[in-house]
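Okay, structure first, notes after.
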Amino acid sequence: MTRKSILFTLVALIALILVPLGQGNYIIYVLTSWLVFSIAAMGLNLTLGYAGQISLAQAAFMGIGAYIAALITLAGYHWVLGWLAAMGGTFVIGLLLGYPALRVQHHFLAFVTLAFNTLVFLVLRNEDWLTGGSHGLVGMPRPNFFGLSTGTNLEFYYFTLVLFVISGAIFYWIVNSPWGRAFKALRENPVRAESLGVDTRRITLLAFAIGSAFGGGAGAIMSPLVQFIEPGSFAFIHSLKILLMVVVGGAGFFFGPILGAAVVILLPEFLRFTEGYYLMIYASLVIVLMIYSPSGLIGAGQKLYARLRPGRETRKDMEKGAQL
Amino acid sequence: MSEFFQLIVSGLSTGSIYALAAVGFTLLWQASQTINFAQGEFVMLPAFLVLALSVKLGFPLWLAMPLAIILAVLILGVLFKRLVVEPMIKHGTLPLVIATIALGVLLKEMVKEFYSPLGQPFPSLFPQDVVTIFGAVISIPDIANFVIAMGAIVALQLFLGGTRTGRSMQATAQNPDVAQILGVDIKRMVLYTFMINGALAAIASILITPIYLAKFSNGETLGLIAFIAAIVGGFNQIRGALVGGLLIGIIDNLSATYVSAEYRQALPLILLIVIILIRPQGLLGTSEGRTV
Amino acid sequence: MIRKLAITTVAAFALGAGAAVAQVKIADVAELSGAGAAAGAVWHDGVKLAVEEVNAAGGILGEQIELAEYDSQTDPQISRAMVQKAIDEGTYVLLGTVYSSSTVVNMLVAQQNGMPQITGSESPTITAKGNPYIFRTAFGAQKGLPKLASYLKDGLGAEKIAVVWANTEFGRGGYDAFMGLVDDFGFEIVADVPTEQAQVDFASDVAKVKSSGADAVFVYLTEEESARFLIEANKQSLDLPMGGDTVLISQKVIDLAGDAANGAFGHVGLTAEAPVPAIKEMAAKFQEEFGYGADHNAIKGYIGVYMIKYVTEQIGEFDREKFAETLRGLCLDAETHPGILMDTCWDETGEMSRESFLVEVVDGAQQITQTLPAN
């Protein structure tokens, strides 16, 4: 980490601590769900931005995580147990799902995950005995930590913020670890990476499974946040939403998905005057963005910065965007 | 027995509509590696063009329908190619996938905001009479939908195989570099493909909307089914998409009745996963060097 | 002189503004977009109509209603956030939502905040949760369905029933309520057909009903799906009596299904066709204002606003706790409270009762065949 990026991270953290103070419950709730979706989008970023695979099931993984955590907390166990089980469970499911899909032909993961998302929805909706069916599950308690409650919306925001920072740190560590660098090698030049002894298939599978576990972890936070979960919240359309977050923000950049989640969740609040046109404007902007800067908003920002300060190179690999 | 026959017949009728959408889907893939996530919305939109022309502007139906098809060819064919696909194709497949997802949202929202968020009745081209065969009641619209959809696909095959333009289009799809060397105007051929997709979507739309009703969200299921049909049948073959469409139509009906209505959506998806695992090129597809 | 003039002008403006500020805020959280817009947008228009009337007649306790609308996008989680937002922004009483799948979620937030909530949902679960702040504008399916079941049995002599229902929170509620009656009425369920939300193809569902040997079909689907089912049933010449609750014979379904809707019948709590002059008058105003016909959802929204007015004027102040307390177990008669349209009572759970109707669709219009007493 350069000194500049440490400074930036510190400033961002302080801002995140200060921003909910004095706000109403609704704004705090929106900020909290932004953090939750940022975690899920971070996971997808690992799959998409670093391993170059499209997963269309991130909402399904959130759903699996949310239901696991809900069932465990409703059974009277501590939430942390539910959180760990959610991450572990989605990691294993990611491995089981990704292994055959990546074995056949590496771009078929997109189609398999698309089918998987709807299958998960159907199971959650139809297996009443376990999931409550279309009535969903209600009344998940918000956890206590050594006497610290997370009951109010503000307390829960800080609780989520802590988990967000932990997730961010894990993500940063993965990306900069030896096998994180293998990802980068893979993305920049798959053929060379393979010839250097990087087992692309195993790395890709791990990236997908870890990315899915991030989704599961985010879902586990969603349970006590909303205190109500039902199958519709994890339908295929929500996976597309998370995918758009990652791509709009900038796949392959650390802050990309966080920015993308902000665009999807926070921005509508400030654009209330656009009323019914918001989604139209957003969709048009996504199309324009894809034409001019497939590496998302951060890519566009870098391009602009590079133009203003000539002599600096933009990242060559990101110019083309991640390839399907 | 009559129930089984009934299910097969109505499965073929709706399956033929899925086939139209799936064929268009594979055409775009072959010509330009476009995975069109807005294909469902492409089938939803033309019905609203018909309604806008006939209900809002007062055109008679016999005029509104052909006009809507022409508009669909221009908007979903020419404009889509020029404004969305062309400027993006150099970036590779992923940005285009994202852009078509966004385009789907855009089309849906525009119909909702500028026409209506509510379902709308849609006039049927055919009398509602029925014929009874082997105890199954078959309506005239069912038969007409099947005949017209199959007719359109057969005509398309004849055009691609029997005319000079058609063969140039096929050459472009199979190997653009060689086609260019042979003097084929690749850009024009790709444009034709997009226009054909627009026309197929419009035909599907006009045939299916009297039964499905015109609603902005209709594309969500249709697009997914077209997508599954195309992959199951074979992504790089028109006849693959045709078989895929009919097959999904029938399987959907049979599984809803004989397996489980609650899991009716699951069977086509499980089929999709199984096909990808054991025969990734699809039932009728041929293995190609290019990966999807 | 000029200075003095300026001061008086400013003072006059301030006074004027002061008078306009005496407003009471009422939030309507409704399905203005998404799958439920066919219900929520109409409900919202009903709310708007009533607010205009109340304001024109001097408001509530002399204060004008300021209506704030929130779009739930037919998404339970967004509806929850919107209810939170409406409470943050200081609404007096909450109106909405119509879809039961949303209401069961957002009513928890309203309850936590002690916020009286007037909903258009008809799922039985809503008033079964012991929430003291929730109130209905139309009674739950568990009250309407026995009326339909007795008509199926005594009116039609049906014994074998096919059930077609939406596998959603809404449909599940009606399905469970109907299945609970099966033993009492001695019905035999010969086909049990769950369907998907926003399902477009009903070919296999109709085929299944057809080959089941049923005497009658009970249809419990949302608007567009009901119409698609009727169209497909007509296409396959399904020649059975088809009955439902409220939605199946609503004006929207008749408009969509056309001739295919003829012969469908059902029980309705509210309809613009009801032989009640006050409802007819309200429906005419609605038609004039919005350019389309009012349905049960429009009337529910309309009644909701007047519930706020009458209860508040009864307690004489804007007090949420007293509001909920007063409305529990209250009866309002339509003669002294014309905006309520029909005599209505609420019980301790927020469930309500009033007269209702049996309706049949004849030549593309609702026809009242029977008026049923309140239960």
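The values are calculated or read from the model by the stated rules, or taken from the named source; none is laboratory data. Only a predicted model underlies this, so the values are computations on that prediction, with no experimental measurement involved. As a convention, Cβ positions derive from the backbone with ideal geometry for all residues, glycine included, and neighbour counts pool all protein chains shown. Quick note on the areas: whole protein, heavy atoms, side chains included, nothing else; ligands and nucleic acids left out. Shrake-Rupley method; radii C 1.70, N 1.55, O 1.52, S 1.80 Å.
Applying the criteria of a DSSP loop state and at most 13 other Cβ atoms within 10 Å to the chymotrypsin sites (Phe, Trp or Tyr not before Pro) of segment B:60-164 yields B:Phe134. Mean residue ellipticity, 222 nm, helices only, chain C: the sum of -39500 (n - 2.57) across DSSP H runs of n ≥ 4, divided by residue count and rounded to 500, is -13500 deg cm²/dmol. Counts of other chain beta carbons within 10 angstrom of each beta carbon in peptide B:137-143 average 3. Around the Cα centre of segment A:26-277, unit charges on the Cβ atoms of Lys, Arg, Asp and Glu (plus for the first two, minus for the last two) sum to a dipole of about 540 debye.
Calculate the spin-label point distance for B:Ile270 paired with A:Leu267, positioning each point 7 Å from the Cα along the beta-carbon direction, and give it in nanometres. Taking the simple label geometry, A:Leu267 and B:Ile270 are separated by 4.1 nm. For segment A:150-307, the fraction of C-alpha pairs more than 24 angstrom apart is 48%.
Selection among B:Leu7, A:Val11, B:Tyr115 by position relative to the dipole of the protein assembly as shown gives A:Val11 as farthest towards the positive end (Cβ unit charges, Cα centre). Each Lys or Arg adds one and each Asp or Glu takes one away; over the other residues whose Cβ falls under 11 Å from the Cβ of C:Val42, this sums to -1.
The trypsin sites (Lys or Arg not before Pro) of segment B:189-292 meeting both criteria, a DSSP state outside H, G, I, E and B (loop) and at most 12 other C-beta atoms within 10 angstrom of the site's C-beta, are B:Arg290. Looking at chain C, which longest stretch skips every one of the GluC sites (Glu not before Pro) that is in a DSSP loop with at most 13 other Cβ atoms within 10 Å, leaving the sites themselves out? Free of exposed loop sites, the longest segment is C:90-316. Counts of other chain beta carbons within 10 angstrom of each beta carbon in peptide A:110-117 average 6. A:Val165 label point, 7 Å along Cα→Cβ, cut-off 12 Å on backbone N: hits in segment A:1-37? Output list for this probe position: A:10-18. Between B:Val147 and C:Glu281, the distance separating the two model label sites (each 7 Å from Cα on the Cα→Cβ line) works out to 5.7 nm.
Among the listed pairs B:Lys90/B:Lys112; B:Lys56/B:Lys112; A:Lys241/B:Lys187, those whose Cα-Cα separation exceeds 22 Å are B:Lys90/B:Lys112; A:Lys241/B:Lys187.
Only aspartates and glutamates eight or more places from C:Lys322 in sequence, or on another chain, were considered; those with a Cα closer than 19 Å are C:Glu63, C:Glu313, C:Asp347, C:Glu348, C:Glu351. Over chain C, the pair-distance histogram of Cα-Cα distances with 10 Å bins from zero comes to 5, 24, 32, 22, 10, 4, 2, 1, 0, 0 percent, rounded to whole numbers. Computed from the C-beta positions of B:Lys56 and C:Ala365 and an R0 of 25 Å, the FRET efficiency is 0.50 to the nearest 0.05.
Here the scattering of segment B:2-278 is modelled by Debye summation over its C-alpha atoms, one equal scatterer each and no solvent; at q = 0.08, 0.12 Å⁻¹ the log10 of I(q)/I(0) is -0.33, -0.75. Within segment A:120-176, report the chymotrypsin sites (Phe, Trp or Tyr not before Pro) that DSSP leaves as loop and that have at most 15 other Cβ atoms within 10 Å. In loop regions of segment A:120-176 (DSSP not H, G, I, E or B), the sparsely surrounded chymotrypsin sites (Phe, Trp or Tyr not before Pro) are A:Phe146. Buried surface between chains B and A: roughly 3900 Å² of accessible area, summed over both sides, computed with a 1.4 Å probe on protein heavy atoms only. Among beta bridges identified by DSSP and lying wholly in the protein assembly as shown, the antiparallel ones come to about 45 percent.
Computed as a quarter of the hull surface, the mean projected area of the alpha carbon convex hull for segment A:217-278 stands at 5.3 nm².
Report the relative contact order of segment C:142-268, percent, no decimals, based on alpha-carbon pairs under 8 angstrom and at least 6 residues apart. So the answer I get is 27 percent.
Normalised per residue, the accessible area of segment A:26-277 is 35 Å², obtained with a 1.4 Å probe and no contribution from ligands, DNA or RNA. Look at where the Cα atoms of segment A:51-75 and of segment B:43-96 average out, and the two centres are 38 Å apart.
Using all pairs of distinct alpha-carbon atoms, the Kirkwood hydrodynamic radius of segment B:1-72 works out to 14.4 angstrom.
With 24 Å as the limit on Cα-Cα distance, the pairs of C:Lys143/C:Lys285; C:Lys143/C:Lys300; C:Lys143/C:Lys235; B:Lys215/C:Lys147 that go past it are C:Lys143/C:Lys285; C:Lys143/C:Lys235; B:Lys215/C:Lys147.
Distance distribution P(r), segment C:270-325, all Cα-Cα pairs, bin width 10 angstrom from 0: 23, 40, 24, 14 percent. Averaged over the residues of peptide C:84-97, the number of Cβ atoms from other protein chains lying within 10 Å of each residue's Cβ is 2. Computed on segment C:142-268, the Cα convex hull volume stands at 87 Å³ per residue. Using every pair of separate Cα atoms, the Kirkwood estimate puts the hydrodynamic radius of segment B:61-200 at 18.3 angstrom. For segment B:100-168 and segment C:141-158, what is the separation of their Cα centres, given in Å? The distance from the Cα centre of segment B:100-168 to that of segment C:141-158 comes to 40 Å. Helix screen, chain A: DSSP H segments with Cα axial length of 27 Å or more and mean Kyte-Doolittle hydropathy at least 0.5 are A:25-45, A:79-104, A:153-176, A:200-226. In this label model, C:Ala22 and C:Glu289 are separated by 2.3 nm, measuring between points 7 Å along each Cα→Cβ vector.
Applying 1/(1 + (r/R0)^6) with R0 = 51 Å to the Cβ-Cβ distance of A:Val11 and C:Glu52 gives a FRET efficiency near 0.50. Taking trypsin sites (Lys or Arg not before Pro) as exposed when DSSP calls them loop and at most 15 other C-beta atoms lie within 10 angstrom, chain A has its longest site-free stretch at A:1-311. For the pair B:Phe114 and A:Tyr278, a Förster radius of 22 Å applied to the C-beta separation gives a FRET efficiency near 0.90, rounded to the nearest 0.05. When every Cα-Cα distance of segment B:187-292 is counted in 10 angstrom steps from zero, the calculated P(r) takes the values 14, 38, 36, 12, 1 percent. Put simply, the amide H of C:Glu69, placed in the peptide plane, has neighbours under 5 Å in C:Asp28, leaving out anything fewer than 5 places away on its chain. In the full protein context, segment C:33-162 carries 27 Å² of accessible surface per residue, based on a 1.4 Å probe and ignoring ligands, DNA and RNA. Which parts of segment A:1-46, residue by residue, lose 30 Å² or more of accessible area when the rest of the protein chains are there, as against the chain isolated (1.4 Å probe)? Checking the loss per residue gives A:Asn25, A:Tyr26, A:Tyr29.
Counting DSSP beta bridges in chain C, what percent are antiparallel, to the nearest 5? The answer is about 35 percent antiparallel.
Can you list the aspartates and glutamates whose alpha carbon is less than 13 Å from that of C:Lys160, not counting same-chain residues fewer than 8 positions off? Qualifying aspartates and glutamates at Cα under 13 Å: C:Asp183, C:Glu188, C:Asp192, C:Asp215.
Look at the alpha carbon pairs under 8 Å that are at least 6 residues apart: their mean separation over the length of segment B:2-278 gives a relative contact order of 39 percent. Defining a contact as two alpha carbons under 8 Å apart and six or more residues distant in sequence, what relative contact order in percent does chain C show? About 17 percent, as a whole number. Calculate the tail of P(r) for chain A: the fraction of all Cα-Cα distances greater than 29 Å, expressed in %. The calculated P(r) of chain A puts 37 percent of pairs beyond 29 Å. Per-residue Karplus couplings for segment C:44-49, computed as 6.51 cos²θ - 1.76 cosθ + 1.60 with θ equal to phi - 60°, are listed in order as 5, 5, x, 4, 4, 4 Hz, Gly and Pro entered as x. The Kirkwood radius of the protein assembly as shown, taken over pairs of alpha-carbon atoms, gives through the Stokes-Einstein law at 10 °C and 1.306 mPa s a diffusion coefficient of 53 µm² s⁻¹.
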